[in-house]
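Peer 1: My questions all concern the structure below.
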Amino acid sequence: MSTSSGDELHDQYKDLFTQDGVLLKTSVGRPVSDFNSIGMLCIVQNADGTKCIEWRPNDLITIDSDTQDQEWAVVNTVGRRQRTLSGNITSDYANLRARIIKIPLDDLKTFRITRNNQQMQFSTKPGVWQNTFYFQHGNAEIFVAYLKNHLKTAKTRHDRNTYMVVEPNDESQVLNKSFAELDIFTENTTDVVWNLVSNFKQRPYETTLEAFSKLTDIVYYGNEDVNGKRDVSEEVADLLTKSMSALEDTTSVTRSDEYEVISVKPTLPPRPCIPRGSPLSTEKWDALQDADGRIVEVEGVKQLIFRGGVAHSIRSTVWKYLLDYFPWKMTHAELKTLQKRKTEEYFSMKLQWRSVTEGQENRFSEYRDRKSLVEKDVNRTDRTHPFFAGDNNPHLAVLQDILMTYVMYNFDLGYVQGMSDILAPLLLLLGNEVDSFWCFVGFMEKIASNFDMDQAGMKHQLLQLQQLLMFASPELAQHLSQKDSGNMYFCFRWLLVWFKREFSHIDIMRLWEVLWTGLPCANFHLLICVAILDAEKEVIISRDYGFTEILKHVNDLSMTLDVDRVLSSAEGIYHQIVSAPHLTDQIRIVLGIEPLNLSMSTNSDPEPSTSTLPSTKPSQVELKEGNGCSRI
């Protein structure tokens, strides 16, 4: 629900809680131009005592701040403000006020928070999420904690990240209904849990079915008791979930009238939890060079970058090496000579297309089409980022010049949609046109097959991803196959631009530099996909998502992923896979490991990769069992 221009402007209210840095992603009934606006999300008490959630755009907040003396009478109190609007108000200001979104708490039915605490959705009607907000600082759980001080809430049965608002007069009814349906608390609840655990160890199959015959519904309440102990129903539910998962994952049962045969399925070893390290620092980088500037321990540098990325202060230098612009063994003097030669080469190619006359362009349809496509893509690339925002932005002109020069550099490939997404972070970091171009060339060498006109490279990667997922998470792979999603096409955007649209600029820089090291194996970017999907497995399967829902869910993950958790999980999956006794040659080839049957390496048409398994030195990486490893 949102305010309109006819709302009463002479209002008084108190901000009970405010949180800045909140982006409006979607809002039913609002113009698209309002989306991706940054603002403040508040819990507000109105003059009549009612409360609401209110989102205010930053431009309104700025005006409020600038015009307090003229238009607002401000009374400051501890932790809250009271504002009274005067009679002097412009139409522009009224229009800004109309952009405020208000959600009365009396109308709120459900709200949902993502597992990484960055996105919240609100609904006042069943089945419709009217408003979606993204918390740039990843602290949505703080807002939820304050919100629950003003509402009675209950976690839903199927998604424990979704809360329903329980009206006071319905609360006892919900409680009574849930306990009546449980029908397992007629005896001491502690004894119930203990008996279930004990019986499961002795008779897992029968105990699980018996427990499910009793447990027909569980309502999870958001507020824990004063001692911080979990509701017994949560313990029972977790036990049953683990029990059924263990049964389904480890056994395949065949029955007849006279006997029962239980065959054990191949299972993966425990997934190690591998913590991320510190970024490569300036001090370490300097120490790894000799007196003339050569990098003396290239593999050691790559190991450090893989473990923790690169400190931002030296990122613009290190990237030139990772993207093969600077050779690792060149001296400082040799690099200066190289840069001079590369600068001349760049401007020579740039002059070629800049000197094309209008008449030539009219008679050169292929050139004309590529130029038009570049212009269209540049004008919609990262326009919400300050570096590329606004009209007549000079950085957009540089972006276009680099892409047009690449057309002259690589006539065969030219320009394909998506390349501007790859270039934008390079230009943002490096700033220099020539350096950005040659680093872009190096990046394109690594992912050129992504832009094949027949999409053969993309299809091959999607097939390899399907194979990896089937090995690492067969339950999820089978579900996707049953829902017409086994072709993995919903991951197309991830692979095409290497997750560029899934992470913030600072996070994509960290992810890319890790992937550029080529460690710990070939096609590690595919394991990034597996890690993200594995973290969403429970949601996708439990909600029985079909193709449309899967596609929407994957798209909604954009800007909500934690890059360090994804990297840690992907590395753990890699070690889990390569340690499996049943590791197949098919998977070995995908990961760049020499197959046991050497003839397969010539028949499977794998992506170019190393023939040996890159090792992560035990002295640098300590593998831990998964007990302390948080999920994405």
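Peer 1: Show the residues, 5+ positions off or on another chain, whose built amide H is closer than 5 Å to the amide H of LYS51.
Peer 2: Sorted by chain and number, the residues that satisfy this are ASN46, LEU105, ASP106.
Peer 1: Rule-of-thumb check for the range 312-451: C-alpha Rg over 2.2 N^0.38 Å?
Peer 2: Details: Rg = 15.5 Å, N = 140, 2.2 N^0.38 = 14.4 Å.
That works out to 1.07 for the range 312-451.
Peer 1: Roughly how many Å is it from the Cα centre of the range 403-470 to that of the range 522-556, as a whole number?
Peer 2: 24
Peer 1: So, one more: Whole number please: convex hull volume per residue, Cα atoms of the range 326-374, in Å³.
Peer 2: Here the figure is 87 Å³ per residue.
Peer 1: Note down the nm distance, to one decimal, between modelled labels 7 Å out along Cα→Cβ at ASP544 and at ALA287.
Peer 2: Each label point lies 7 Å from its Cα, and together they span 5.9 nm.
Peer 1: Note the full-extension length gain between ASP59 and ARG354 as 0.36 nm times their separation in residues minus their Cα-Cα distance, in nm to one decimal.
Peer 2: 102.2 nm
Peer 1: Related question: Once phi is turned into ³J(HN,Hα) by the Karplus curve 6.51 cos²θ - 1.76 cosθ + 1.60 with θ = phi - 60°, what whole-Hz value does each residue of the range 45-50 show in order, with x for glycine and proline?
Peer 2: Values per residue, Gly and Pro as x: 10, 7, 4, 7, x, 6 Hz.
Peer 1: Compute the length gained on full extension between ASP556 and ASN161: take 0.36 nm times their separation in residues and subtract their Cα-Cα distance, giving the result in nm to one decimal. Each step should come with its number before you reach the end.
Peer 2: On the way: separation 395, 0.36 × 395 = 142.20 nm, distance 1.49 nm.
Between ASP556 and ASN161, full extension yields an extra 140.7 nm.
Peer 1: Then there is this: Sequence gap at least 6, Cα distance under 8 Å: using those rules, report the relative contact order of the range 312-451 to the nearest whole percent.
Peer 2: 30
Peer 1: Using a 1.4 angstrom probe, figure out how much accessible area the range 312-451 has per residue, in square angstrom, rounded to the nearest whole.
Peer 2: Values: 6670 Å² over 140 residues.
Value for the range 312-451: 48 Å² per residue.
Peer 1: Then there is this: Over the range 456-591, average the accessible area per residue using a 1.4 Å probe and give it in Å², no decimals.
Peer 2: Value returned for the range 456-591: 32 Å² of accessible area per residue.
Peer 1: Show me 44-51, 509-516, 309-316 ranked by packing, highest mean number of other Cβ atoms within 10 Å first.
Peer 2: 509-516, 309-316, 44-51
Peer 1: If I model a spin label as a point 7 Å beyond the Cα along the Cα-Cβ vector, how far apart are those points for ASN379 and PHE35 in nm?
Peer 2: 2.0
Peer 1: Report the full-extension gain for the segment ARG363 to LYS109: residue separation times 0.36 nm, less the Cα-Cα distance, to one decimal in nm. Before the final figure, lay out the partial values.
Peer 2: Values: separation 254, 0.36 × 254 = 91.44 nm, distance 6.18 nm.
Difference between extended and current length: 85.3 nm.
Peer 1: So who's got an amide H within less than 5 Å of the one on VAL310, skipping anything under 5 residues away but keeping other chains? H placed 1.01 Å off N, in plane.
Peer 2: Those qualifying (amide H under 5 Å, at least 5 residues apart or on another chain) are LEU280.
Peer 1: Turning to a different aspect of this structure: Over the range 456-591, with every protein chain in place, what whole percent of the accessible area is carbon and sulfur at 1.4 Å, could you tell me?
Peer 2: 51
Peer 1: Rounded to the nearest 10 Å², what accessible area does THR331 show when all protein chains are kept and the probe is 1.4 Å?
Peer 2: Using a 1.4 Å probe on the heavy atoms, I get roughly 20 Å².
Peer 1: Here is a further query. Tell me, what HN-Hα J-couplings in whole Hz come from the Karplus equation 6.51 cos²θ - 1.76 cosθ + 1.60 at θ = phi - 60° for each residue of the range 141-147, using x for Gly and Pro?
Peer 2: Per residue, the Karplus-derived 3J(HN,Hα) values read 5, 5, 4, 4, 4, 6, 4 Hz.
Peer 1: A follow-up question, please. Name the long-range amide H neighbours of GLN289: under 5 Å, sequence gap of 5 or more, or other chain; modelled H, no Pro or chain starts.
Peer 2: Long-range HN contacts for GLN289: VAL296.
Peer 1: Got a number for carbon plus sulfur as a percent of the range 334-427's accessible area, 1.4 Å probe?
Peer 2: Exposed carbon and sulfur together represent 48 percent of the surface.
Peer 1: On to the next question. With θ set to phi - 60° and the Karplus curve 6.51 cos²θ - 1.76 cosθ + 1.60, what are the ³J(HN,Hα) couplings of the range 289-294 in order, to the nearest whole Hz, using x for Gly and Pro?
Peer 2: Coupling constants for the range 289-294: 10, 7, 4, 8, x, 6 Hz.
Peer 1: Per-residue accessible area for CYS52 at 1.4 Å probe radius, Å² rounded to 10?
Peer 2: Ignoring ligands and nucleic acids, CYS52 comes out at about 10 Å².
Peer 1: Hand me the trypsin sites (Lys or Arg not before Pro) from the range 340-381 located in a DSSP loop with no more than 11 other Cβ atoms within 10 Å, in residue order please.
Peer 2: Qualifying residues, ordered by number: ARG363, ARG380.
The values are calculated or read from the model by the stated rules, or taken from the named source; none is laboratory data. Every value quoted in this text rests on a predicted model; they were computed, and no experiment measured them. FYI the Cβ positions are ideal-geometry reconstructions off the backbone, even for glycines, and counts take in every protein chain you see. Heads up: the accessible areas ignore ligands, DNA and RNA and are worked out on the full protein's heavy atoms, side chains in. Shrake-Rupley method; radii C 1.70, N 1.55, O 1.52, S 1.80 Å.
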